[in-house]
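Okay, so here's the structure we're looking at.
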Amino acid sequence: MGGVEVLPREYGYVALILGFAGILNFWMSFQVNFARKKYDVQLPTMYALESENKNAKLFNCVQRGHQNSLEYLPMFFIFMTVGGIKHPIIAALLGCIYVVARYFYFIGYSTGDPKNRLTYGFYNFLALMGLILCTISSGVEFLLA
């Protein structure tokens, strides 16, 4: 019988990073809620209109920073989970880079100048590419086992 019977002990690092990513997501959602109060943008409004709110761009940048992170979160979770089965240490290191870079991506975006999201936030995309490679490598190893 082939396949994975037991996860490596180091897979615990992968689980920890997934937990940190979840915590970061909660923190970003709280920041959006704080921005709603600060810039007077009521639910269910997703994005403020500049014609109706002088602080629309500031709020929208906070909202967009979180929304963009949510858009990438499913891919990150899948690539971390699958790529980490065969490459737990590499996946955990890449996942750590991803989470830290996503934090800086959000902080940069929240300044109101979207260009600031890429100062350090750019590294989250490189980390995600590495996790994709880990996942592909894991798939190949599963097939060859």
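The values are calculated or read from the model by the stated rules, or taken from the named source; none is laboratory data. Bear in mind the structure is a predicted one, so any value in this text is a computation, not a measurement. As a convention, Cβ positions derive from the backbone with ideal geometry for all residues, glycine included, and neighbour counts pool all protein chains shown.
Values computed for the structure shown
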read-out	value
Test result for residue 76, outside any loop (DSSP other than H, G, I, E, B), more than 20 Å from residue 111 (Cα to Cα) and either at pLDDT 95 or above or acidic (Asp, Glu) (or both)	yes
Test: residue in the range 39-61 that is closer than 19 Å to residue 128 by Cα and touching a helix residue (DSSP H, G or I) at 6+ places or on another chain (Cβ under 8 Å)	no
Only one of 26, 30 that is over 14 Å from the mean Cα position of the chain (by Cα), farther than 25 Å from residue 135 by Cβ and hydrophobic (A, V, I, L, M, F, W, C)	30
Inter-residue pairs, beta-carbon under 6 Å, first under 14 Å from residue 76 (Cβ atoms) and among the aliphatic types (A, V, I, L, M) and in the range 1-20, second surrounded by 13 or more Cβ atoms within 10 Å (Cβ to Cβ) and at pLDDT below 95, 6+ apart	none
Test: residue in the range 37-54 that is free of Cβ contacts under 8 Å to residues at least 40 places away in the same chain, among the basic types (Lys, Arg) and outside any loop (DSSP other than H, G, I, E, B)	yes
Residues that are surrounded by fewer than 22 Cβ atoms within 10 Å (Cβ to Cβ) and within 24 Å of residue 40 (Cβ to Cβ), drawn from the range 67-87	67, 68, 70
Among the residues listed as 127, 91, the single one being surrounded by 15 or more Cβ atoms within 10 Å (Cβ to Cβ), over 26 Å from residue 33 (Cα atoms), within 12 Å of the chain's Cα centre (by Cα) and small (Gly, Ala, Ser)	127
Every residue from the range 64-110 that is touching a helix residue (DSSP H, G or I) at 6+ places or on another chain (Cβ under 7 Å), without any contact (Cβ under 8 Å) to a residue 60 or more places away in the chain and of a type in the set (Val, Ile, Thr)	82, 90, 97
Residue match in the range 79-92 (condition: closer than 19 Å to residue 137 by Cα and part of a loop (DSSP other than H, G, I, E, B))	yes
Conditions (1) out of contact with any Phe, Trp or Tyr (no Cβ under 8 Å at 6 or more places or on another chain); (2) crowded, with 19+ Cβ neighbours inside 10 Å: number failed by residue 114	(2)
Hey, residue 96 on the phi < 0 side of the Ramachandran plot, under 14 Å from the mean Cα position of the chain (by Cα) and buried (at least 16 other Cβ atoms within 10 Å of the Cβ) or not	yes
Every residue from the range 91-145 that is closer than 18 Å to residue 78 by Cβ and aromatic (Phe, Trp, Tyr)	98, 125, 142
